[in-house]
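Reviewing the structure listed below.
The values are calculated or read from the model by the stated rules, or taken from the named source; none is laboratory data. Predicted, not measured: the structure shown is a model, and the values here were computed from it. Here the Cβ is made from the backbone with ideal geometry for all residues, glycine too, and neighbour counts use every protein chain on show. Just so you know, the surface numbers come from the protein's heavy atoms only, side chains and all, with ligands and any DNA or RNA stripped out. Shrake-Rupley method; radii C 1.70, N 1.55, O 1.52, S 1.80 Å.
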Amino acid sequence: MPFRDVISWTEMITAYMEFGLVDLAVDMFNKMPEKNSVSYNALLTGFCKNNEGLKALNLFVRMVQEGAELTDFTLTSVINACGLLLKLEISRQIHGFIIKFGFRSNACIEAALIDMCSKCGRMDDADRMFQSLSTDGGNSIIQTSMICGYARNGLPEEAICLFYRSQSEGTMVLDEVAFTSILGVCGTLGFHEVGKQIHCQALKTGFHAELGVGNSIISMYSKCYNIDDAIKAFNTMPAHNVVSWNGLIAGQLLHRQGDEALAIWSSMEKAGIKPDAITFVLIVSAYKYTSSNLLDECRSLFLSMKMIHDLEPTSEHYASLVGVLGYWGLLEEAEELIDTMPFVPEVSVWRALLDGCRIHANTSIGKRVAKHIIGMEPRDPSTYVLVSNLYAASGRWHCSEMVRENMRDRGFRKHPCRSWVIHKKQLHTFYARDKSHPQSKDIYSGLDILILKCLKAGYEPDMSFVLQEVEEQQKKDFLFYHSAKLAATYGLLKTRPGEPIRVVKNIILCRDCHTFLKYATVVTQREIIFRDASGFHCFSNGQCSCKGYW
């Protein structure tokens with residue numbers, strides 16, 4: 001070009017950033033004969049787009065020091081940079097700067113602040129900000145940020161309640177981000193009916209053609225025990241990316257369909273789609289659920305990551321392979337694999353081996369593995385529970401109680417396990433021995449009758465899951481009123497004969513509840529579809545689709 005102005009230079013910075021050429025964009029910026037707020041913002045936004053949060057923050061500090069003009073666009077970008085860094089203290093400093101200079105009146109800035117707070121562990125601050133805001137102009141963006149924040153911080157019920165309220169008040173316009181987030185929430189909760197309605201809205205508004213929305217639809221249906229509609233959604237998408245294929249494979253794994261997942265992998269290869277690291281985590285895991293032992297193929301696939309696909313295996317990939325070896329009972333080989341890893345294994349690798357020990361009831365290796373986990377995560381509440389349970393299982397109740405007391409003194413709290421059922425668009429949540437439900441009297445009466453029928457049919461309670469030093473009758477009370485049993489009973493009471501009962505649990509189903517639910521399908525002649533942290537269990541006529549391994 002014979003003549004270049006600030007716009008030409010800025011467009012080149014933007015173009016380089018769009019292609020991920022960050023160094024070239026910075027070089028172009030440094031060579032500019034003159035700069036304005038637009039060129040600064042182009043570089044700042046580019047850093048955020050390329051996940052360079054620290055570089056974006058340093059540039060913002062430079063802008064403040066040099067007295068450059070700070071626009072709403074500048075501030076939104078630096079807030080987004082804090083969200084990328086996930087640093088609590090930095091987010092507070094930037095938040096304070098924005099409040100001090102009175103920049104909070106813009107809806108986009110408010111939405112970005114809420115988003116930043118939710119990413120940096122400040123959900124209470126995000127909630128307070130949201131409650132203090134007016135409900136007029138720009139509220140749709142803010143509500144979308146809040147729904148995303150709730151979903152991100154494991155608060156799906158709050159997200160769905162806000163979505164309902166915004167829809168009834170007509171204050172929220174669904175865009176790609178909102179569709180993606182609320183579909184994700186529906187999948188997490190197993191909210192099939194609402195998920196289908198959101199899908200219909202996406203079809204009417206044309207957003208279903210957006211890649212992010214289409215991928216969320218696949219995930220939602222998979223998590224709601226509707227793999228057929230997940231496949232249909234995939235097949236009707238105008239375009240796919242690697243996330244689409246990964247979503248379809250992940251859906252098959254949720255349903256423990258390893259052979260189907262491998263068939264999708266084969267189709268993916270034929271379509272010429274380049275797999276990413278997540279693809280290999282999923283495909284290696286698929287060998288846990290194949291109809292026959294295909295461990296040689298699994299080992300070959302793992303080796304092909306580096307040799308053929310130029311991808312270096314990470315702890316996640318090793319955890320997947322260890323999980324497969326453990327699932328098929330090769331616990332010694334799995335332990336040896338961990339010992340020979342080229343880097344220090346993360347705790348997820350040891351947890352994968354511990355899961356194999358749980359499946360095959362191998363306590364000798366299990367105790368060794370538990371010690372590794374305890375050493376690596378001394379501040380994780382679940383680690384304290386693990387130590388306590390190990391003592392309790394060996395009858396050392398005093399030591400078990402000392403560990404739990406230590407946990408309480410340090411302020412650690414175990415994340416409570418819960419199960420839930422959706423009835424008439426309402427979420428009904430249950431905890432162990434929970435009597436807070438308005439119909440708890442009927443639920444407990446129904447469960448007591450169901451327990452008696454199951455006992456007569458041959459159900460034998462497994463007291464090993466009551467790790468408390470209490471009397472035998474108290475043990476039965478602890479065991480009989482687990483959240484899974486309460487939720488399933490509520491589902492049986494509230495659905496018509498012949499309808500399947502759908503229950504979701506936030507952790508892995510205990511073996512006693514698993515046995516109980518098999519007997520429950522015999523005495524009630526009803527199907528129970530149960531999703532836990534490991535995937536789906538379809539209970540019918542005294543059998544489970546997981547075949548006893550979960």
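Tell me the net charge near VAL347. Cut-off is 14 Å between Cβ atoms, VAL347 excluded, with +1 for each Lys or Arg and -1 for each Asp or Glu. Value of the local net charge: -2.
For the pair the range 286-361 and the range 54-111, the centres of their Cα atoms are 43 angstrom apart.
Backbone amide hydrogens, once placed in the peptide plane, bring ALA432 within less than 5 Å of SER483, excluding anything fewer than 5 places away on its chain. Peptides 487-500, 54-67, 323-336 ranked from most to least packed give 323-336, 487-500, 54-67, packing being the mean of other C-beta atoms within 10 angstrom over each peptide's residues. For LYS367, the aspartates and glutamates whose Cα comes closer than 15 Å to its Cα, not counting residues fewer than 8 places off in the same chain, are GLU332, GLU335, ASP355.
Between the amide H of VAL504 and those of TRP420, ARG531, distances stay under 5 Å, these residues lying 5 or more places away or on another chain, with hydrogens modeled in the peptide plane. Which of rounded, prolate, oblate describes the range 219-312, given a ≥ b ≥ c as roots of the alpha-carbon gyration tensor eigenvalues and a/c under 1.5 marking rounded, otherwise prolate only if a/b is larger than b/c? Judged from the Cα gyration tensor, the range 219-312 comes out oblate (a/c at least 1.5, b/c at or above a/b).
For the peptides 215-228, 2-15, the ranking by mean Cβ contacts within 10 Å, running from highest to lowest, is 215-228, 2-15.
Per-residue ellipticity at 222 nm computed for the chain from its helices equals -20500 deg cm²/dmol, with DSSP H segments shorter than 4 residues left out and the rest contributing -39,500 (n - 2.57). Determine the shape class of the range 298-386: with a ≥ b ≥ c the square roots of the Cα gyration tensor eigenvalues, call it rounded for a/c under 1.5, and otherwise prolate if a/b is greater than b/c, oblate otherwise. The shape class here is oblate. Ranked by the mean number of other Cβ atoms within 10 Å of their residues, highest first, the peptides 184-190, 524-530 fall in the order 184-190, 524-530.
Give me the net charge of GLU316's neighbourhood, meaning all other residues with Cβ under 14 Å from the Cβ of GLU316; Lys, Arg count +1, Asp, Glu -1. Show your work: numbers first, answer last.
Values: positive: ARG351; negative: ASP276, GLU312, GLU346.
Neighbourhood net charge equals -2.
With a threshold of 30 Å on the Cα-Cα distance, the over-threshold entries among LYS453/LYS494; LYS371/LYS435; LYS424/LYS453 are LYS371/LYS435.
Just to be sure I understand, if you calculate P(r) over Cα pairs in 10 Å bins from 0, in percent for this structure, which of [x] 4, 17, 27, 27, 17, 7, 1, 0; [y] 3, 14, 22, 26, 20, 10, 3, 1, 0, 0; [z] 3, 16, 24, 23, 16, 10, 6, 2, 0, 0 do you get? Among [x] 4, 17, 27, 27, 17, 7, 1, 0; [y] 3, 14, 22, 26, 20, 10, 3, 1, 0, 0; [z] 3, 16, 24, 23, 16, 10, 6, 2, 0, 0, the one calculated here is [y]. Computed over protein heavy atoms with a 1.4 Å probe, the accessible surface of the chain works out to 49 Å² per residue. In terms of overall dimensions, the range 28-141 has a Cα radius of gyration and Dmax of 14.2, 46 angstrom.
Straight-line cross-link partners of LYS232 among the lysines, defined as a Cα under 20 Å from its Cα and at least 8 positions apart when in the same chain: LYS196, LYS204, LYS223, LYS270. Taking LYS119 as the anchor, which aspartates and glutamates have their alpha carbon closer than 19 Å to its alpha carbon, excluding any fewer than eight residues away along the same chain? Within the straight-line cut-off, LYS119 pairs with GLU52, GLU89, GLU110, ASP127, GLU157, GLU158. Once fully extended, how much extra length lies between SER545 and GLN65, figured as 0.36 nm per residue of separation less the alpha-carbon to alpha-carbon distance? Taking 0.36 nm per residue and subtracting the Cα distance, the gain is 166.5 nm. Counting charges near ALA68 (Lys, Arg +1; Asp, Glu -1) among other residues having Cβ under 9 Å from its Cβ returns a value of 0.
Residues whose amide H lies under 5 Å from that of SER534, counting only those 5 or more places away or on a different chain, are LEU509; hydrogens are built 1.01 Å from N in the peptide plane. The overall shape of the range 474-540, judged from the alpha-carbon gyration tensor, is oblate: a/c is not under 1.5, and a/b is no greater than b/c.
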